[in-house]
Amino acid sequence: MLNDREILRKPESRHNRRNHRHKSPGSVLVVDVGGSNVKVLVSGRDVPRKVPSGRSLAAAVMVRRVLELAHDWDYDAVSIGYPGAVGADGPAREPKKNLGEGWVGFDFAAAFGKPVRVMNDAAMQALGGYQGGRMLFLGLGTSIGSALVSRRVIIPLELGPLPQRHGGTLAEVATAVPGC
């Protein structure tokens, strides 16, 4: 099973070089950025906190809201689940529909004042449920999140944009069903 230290390890990037590259975190603030809400939980707590997100939520606003939600929690590092493609330095593309702009190139480590690891939100959710072996994760929310975990390696999958035979994408078709 992966632990917080393995989750936060990532290839060299400008964020890691500048922010405690060799320090292992004791407790982690986990941030799940979604199209409807931003949910936060810190290691050792059982009850998450949330705040609405939406089409106008920019990265800087998200950080400010998360800092307000977590003002009375102690943590050493931050792990952010981002609803889209993520590279070594954070979000690789601006969100298309559900969030505001300003995510690509944003310095999350400087904004939080802590080491930060940004990963695809579906990959982060898959990691939370991983117990070994192989696992295919499908998450239905504002869109479709998907990831494959095998031999302790997480592979985010981009299934939501897949075109459908009768028009639209898989994410549009799946999330158009009432109750999803």
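Values quoted throughout were computed directly from the atomic coordinates according to the rules given, and no laboratory measurement underlies them. Please read these numbers as outputs of a predicted model, since none were measured by experiment. Cβ placement follows ideal geometry from the backbone for every residue including glycine, while neighbour counts extend to all protein chains displayed.
Overview of values
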quantity	calculated
Qualifying residue in segment 112-122 (condition: among the polar types (S, T, N, Q), in a strand (DSSP E or B) and over 25 Å from Arg45 (Cα atoms))	no
Top-ranked residue in segment 73-88 [being aliphatic (A, V, I, L, M) and free of Cβ contacts under 8 Å to residues at least 60 places away in the same chain; ranked as farthest from Ala123 (Cα to Cα)]	Val78
For Ala147: the one exception among (1) closer than 16 Å to Val31 by Cβ; (2) crowded, with 22+ Cβ neighbours inside 10 Å; (3) without any contact (Cβ under 8 Å) to a residue 60 or more places away in the chain	(1)
